[in-house]
Amino acid sequence: MSRVITLFNQSGGVGKSTLTMNIGYHLAQRQQRVLLVDMDPQASLTVFMGLEPSELGNTVYEAIVIGEQLPIYKNIHKMDLAPANINLSGAELELVVADMRDVRLKEALKPILKQYDFILIDCPPSLGILSYISLVASTHVLIPIQTQYKALKGTELLLNTIGRVRSRANRKLKIAGVIPTMHDSRTVQGEMSLQSIQEHLSQIGKIYPTIPRSVAFADASQEHIPLALYNAKHPAVSLLNQIAKNLEVMS
């Protein structure tokens, strides 16, 4: 059975797109069939994977708004990609009055579920309809949280949204866990925030290895390659692989 995992946090800058690409890569290296789905109108994941959003004729937008077949670009670093571009920003308004809007992404994914072991969905930094329909389409949600005080303050809203989805639209949605990101162990705030995440969020799910703050992620993304291909000896590579291994065995 395919595991559909949404990486979700309404805060921007927590590393959702970077994690989606890199975790997907490590799953693919472990012989898993992986599809990445870009649900963010900013299309960072699409860019990181080496596509130019403005040049794309068909994207996730056409699939969830018009009902066309989900466009899939094959075998990019052993992963497939359903890309996005700025057209997706219009979907927020168009889906408000659309029939069966909650299941638009779920229906778009249904014909291809058996083709993949993992489908990773990169959400926009919002609590809007695009994030909501991503959670409805998912089996699991993975929560990246930056190890800063302000990031923790928004956790209640995030969990309320997940709870709202689980109460009606997707009762089977599971929380895969929390990934502390962009951690700077040299700062007191970073260490205190990490400790707070470990203490207060372990009750909702597994706390995965902490991803350090590093310019190497941005450099690798600029080169349109996963971190492991940019610098195989970077300390975060083994952490990302460990996260992928954990996802393989989750229920």
Check: What is the calculated FRET efficiency for LYS150 to SER54, with r their C-beta to C-beta distance and R₀ = 35 Å, to the nearest 0.05?
Finding: 0.60
Note to self: Classify segment 1-59 from the C-alpha gyration tensor, please: rounded if a/c falls under 1.5, else prolate or oblate depending on whether a/b exceeds b/c.
What the structure shows: oblate
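Output the relative contact order of the chain, whole-number percent, from Cα pairs under 8 angstrom with separation of 6+ residues.
Numbers: 478 pairs, mean separation 63.3, N = 251.
Taking the mean separation of contacting Cα pairs over the length of the chain, I get 25 percent.
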Next item on the list: Could you work out how far apart the two model spin labels at LEU113 and SER238 are, taking each label as a point 7 Å from the Cα in the direction of the beta carbon, and quote it in nm?
Entry: 3.8 nm
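At 222 nm, what helix-only mean residue ellipticity would the chain give, in deg cm²/dmol to the nearest 500, using -39500 (n - 2.57) for each DSSP H run of four or more?
Only helices count here, giving -10000 deg cm²/dmol.
So if a site counts as exposed when it's one of the GluC sites (Glu not before Pro), its DSSP state isn't H, G, I, E or B, and it has at most 14 other Cβ atoms within 10 Å, what's the longest stretch of the chain without one? Could the numbers behind the result be given before it?
Numbers: sites that count: GLU68, GLU223.
Answer from the scan: 69-222.
Taking 32 Å as the cut-off for C-alpha to C-alpha distance, list the pairs among LYS78/LYS174; LYS78/LYS153; LYS172/LYS233; LYS74/LYS174; LYS78/LYS150; LYS74/LYS150 that go past it. Mind showing how you got there, number by number?
Numbers: LYS78/LYS174 27 Å; LYS78/LYS153 37 Å; LYS172/LYS233 38 Å; LYS74/LYS174 28 Å; LYS78/LYS150 36 Å; LYS74/LYS150 38 Å.
Exceeds cut-off: LYS78/LYS153; LYS172/LYS233; LYS78/LYS150; LYS74/LYS150.
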Notebook entry, point to check: Which label belongs to the value computed from this structure, given these candidates for semi-axes √(5λ) of the Cα gyration tensor in Å: (1) 35, 19, 16; (2) 26, 21, 17; (3) 31, 19, 16?
Noted result: (2)
Notebook entry, point to check: Which cross-chain or sequence-distant (5 or more) residues have an amide H under 5 Å from the amide H of GLN146, H modelled 1.01 Å from N in plane?
Noted result: THR181
Notebook entry, point to check: Computed over the Cα atoms, what is the radius of gyration of segment 13-144 divided by 2.2 N^0.38 Å, N being its residue count?
Noted result: 0.96
Next item on the list: Quick one: work out the % antiparallel among DSSP beta bridges in the chain, nearest 5.
Entry: 5 percent
Next item on the list: List every residue whose amide H lies under 5 Å from the amide H of VAL178, counting only residues 5 or more places away in sequence or on a different chain, with H placed 1.01 Å from N in the peptide plane.
Entry: ILE143, LYS206, ILE207, TYR208
Item checked: Label-reachable residues, segment 40-74, where backbone N falls under 15 Å from a point 7 Å from ASP99's Cα toward its Cβ -> 65-68
Margin query: Accessible area of segment 1-146 with a 1.4 Å probe: how many percent of it is carbon plus sulfur?
Written below: 51 percent
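The values are calculated or read from the model by the stated rules, or taken from the named source; none is laboratory data. Keep in mind that what you see is a predicted model, and the values were worked out from it rather than measured. Positions of Cβ are generated from backbone atoms using ideal geometry, with glycine treated the same way; all protein chains shown enter the neighbour counts. Just the protein is used for accessible areas: all its heavy atoms, side chains included, with ligands, DNA and RNA removed. Shrake-Rupley method; radii C 1.70, N 1.55, O 1.52, S 1.80 Å.
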